[in-house]
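Presented below is the structure to which this report refers.
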Amino acid sequence: MSPSRARAVPELDPAGSTVLSQHARRVATYGLPGHPADIVGGAAATSAAGSTPLSAAEFDALLAEVTHHRIPGLLMAAVDDGGLAVTPAQRDRVAAAHLDACSEVLGLERLLLQTAEVLDTAGVRVVVLKGPAHAHLCYPDPSLRHFGDIDLLVPSAQLATARAALEHALGMTRQDPELRRGFDARYGKSITLKAPAGDIDLHRTLVFGTFAFAIDEAVLFRDTSSFTLAGRRFEALCPEARLLHIAYHAGLGDRRPRGSSLRDLAQQWLTGDHDPAAVRELAVQWRSEAVLAHGLTRLRRTLDARIEDGLASWCDRRVTRSYEARAIASYVGPNHGHAAKVRASLPFIDGPIARLRFLASNLLPGHGYLARQVASRRQWLSRGWRSIRGRKDG
Amino acid sequence: MTVDAARWQRHPHALWRRSSDRVLVLPDGADDALLLDGAAAILWLLLDRPVTFDEIVACFAPDAANDTHDLHADVRELCRELEQANVLTLTGQP
């Protein structure tokens, strides 16, 4: 690891606090302990009884935001509880939006059942990540959590077997070609498989490059949690690993994270069954303390979430090192991108030979990948260099 | 299975979500989800554990106190309809 100066993370997403409107923030934190029980009123209000419904324009804007941020279940709960006064027509539209979301997740859960059966037959072990796992393990009612695809973690040694089994049995097709032969199992984060019923992301690990180098694959499959779906038992990450994965997704997943991702972090942080001391220990092992702290910062800034506990204090006290800040910026900073992630990964890799191998794998893609990217190897290198230097691709 | 031992339960392979006072159920093998509302939604939520027919009737009885004969018939028809749709099933287990 390179010696690095310690410094605070720069303003990676200064506009984060304006991603959601005030009303949508209230929806995204609805039902959390210590947060307002109404959507429109002041912080001290506890009920919307007697309050006036939003205007048509305000309601339209809120419903569009809620749909985009995949939190219609929380809006439905707020309406049911009287936390948001609505007209009968507005109530019908909230119910329709929630039913649409429920219909989508039921279709995806059926896809999960079909996929699990295929992988089981192929002898591939599966740990369910994100959507269905969070819905059934983090929330008091899975109807509160909407999701748009299925994410499955499989052992890296079984990644190719899993892909081949799903392509053969369910007619799934790979979205993007492998960057280079052997890249997926060694360095990739996930493979996206397309199917008419929805997308399946087959994960080898939880994040690409950087912080992934310290994640012990064995830990991901150890002490797993479980949930039951249609009579079948599914494995999910243990609560501590789940909280860190949620923080990866909320902190690194998008420059403009969805409200559902941030709510996941708040939900697990405030109501989860994790051991805070074990979370700290795992974060140190995975060298991801800065990611946890960044996720918390985003959560507070974007949703006005109130999280003040021992784990949060530990995050607040920690000073992010410069190589960690560069790594986070490679995901959500202005010059984010694959090349930036590759460059930011180098301090996380032990030994010059391992670094060279990682660089070569990323800088010298296979012909199939280049053909898909409509680029020559020279154009690929040039594009990566420009993105690291901060200039936009042509 | 004796009549007394028989209990109604949610079909173990059905997928479902609650939405306000309604329940969306995707039965095993069905292409489309069924939207349960009213008595059907109440019945689904009641069946978070296997329940006898008499217990189901007792649950609905306060709303139909004047005509228990019709209530028995209505509940029986509702259960059978949901059974045919793969939403509910009968079990001998308590």
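The values are calculated or read from the model by the stated rules, or taken from the named source; none is laboratory data. Every value quoted in this text rests on a predicted model; they were computed, and no experiment measured them. Heads up, the Cβs are rebuilt from the backbone with ideal geometry, glycines too, and the neighbour counts pull from every protein chain shown. The protein model used for the area step is the full one, side chains on, heavy atoms only, and it has no ligands, DNA or RNA in it. Shrake-Rupley method; radii C 1.70, N 1.55, O 1.52, S 1.80 Å.
Summary of computed values
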quantity: For chain A, size of Cβ-based charge dipole, Lys and Arg +1, Asp and Glu -1, in debye; calculated: 2160 debye
quantity: Rel. contact order, % - alpha carbon contacts under 8 angstrom, at least six apart, segment A:242-387; calculated: 21 percent
quantity: Computed accessible area, residue B:89, all protein chains, 1.4 angstrom probe, square angstrom; calculated: 40 Å²
quantity: Where the protein assembly as shown is the region considered: accessible area per residue in Å², 1.4 Å probe; calculated: 45 Å²
quantity: Cα gyration tensor, segment B:12-87 - rounded (a/c under 1.5), prolate or oblate; calculated: prolate
quantity: Dipole moment magnitude, nearest 20 debye, segment B:12-87 about Cα centre, only Lys, Arg, Asp, Glu C-beta charged; calculated: 280 debye
quantity: DSSP-defined antiparallel bridges as percent of all bridges, chain A, nearest 5; calculated: 75 percent
quantity: Environment charge of residue A:232, counting only residues whose C-beta is closer than 14 Å and scoring Lys/Arg +1, Asp/Glu -1; calculated: -3
quantity: Mean residue ellipticity (222 nm) of chain A, computed from DSSP H runs ≥ 4 via -39,500 (n - 2.57), nearest 500; calculated: -15500 deg cm²/dmol
quantity: In the B-A interface, the accessible area buried, summed over both sides, Å² (probe 1.4 Å); calculated: 1500 Å²
quantity: Principal-axis tilt of helix A:72-81 within chain A, Cα atoms, nearest 10 degrees; calculated: 20 degrees
quantity: Listed residue (A:284, B:44, A:77) projecting farthest to the positive dipole end of the protein assembly as shown, Cβ model; calculated: A:284
quantity: Segment A:115-267: antiparallel DSSP beta bridges as a percent of all, rounded to 5; calculated: 75 percent
quantity: Normalised contact order of segment A:114-261, rounded percent, pairs of Cα under 8 Å and 6 or more residues apart; calculated: 21 percent
quantity: Computed accessible area, residue A:65, all protein chains, 1.4 angstrom probe, square angstrom; calculated: 40 Å²
quantity: Solvent-accessible surface (1.4 angstrom probe) belonging to residue A:58, in square angstrom, nearest 10; calculated: 90 Å²
quantity: Local electrostatic count, residue A:208, Cβ distance below 9 Å [Lys/Arg +1, Asp/Glu -1]; calculated: +2
quantity: A:151, A:100, ranked by accessible area, largest first (probe 1.4 Å); calculated: A:100, A:151
quantity: Ranking by accessible area, most exposed first, for B:31, A:184 with a 1.4 Å probe; calculated: B:31, A:184
quantity: Accessible surface, 1.4 Å probe, highest first, among residues B:83, A:117; calculated: A:117, B:83
quantity: List of segment A:123-143 residues, accessible area with partners at least 10 Å² below that of the chain alone (1.4 Å probe); calculated: A:141, A:142, A:143
quantity: Nearest 10 degrees, 0 to 90: helix A:377-389 Cα axis against chain A principal axis; calculated: 50 degrees
quantity: Mean Cα-pair separation over length for segment B:12-87, i.e. relative contact order, pairs under 8 Å, 6 or more apart, %; calculated: 24 percent
quantity: Listed residues A:89, A:236, A:212, most fluctuating in chain A (Gaussian network, C-alpha, under 10 Å); calculated: A:89
quantity: Furthest towards positive pole of dipole, A:185, A:337, A:30, structure part the protein assembly as shown, Cβ charges; calculated: A:337
quantity: Accessible-area composition of segment B:12-87, carbon plus sulfur, in percent [1.4 Å probe]; calculated: 47 percent
quantity: 10 Å Cβ neighbours from other chains, averaged over peptide A:93-99; calculated: 3
quantity: Threshold 20 Å², segment A:224-259 residues less accessible with all protein chains present than alone (1.4 Å probe); calculated: A:230
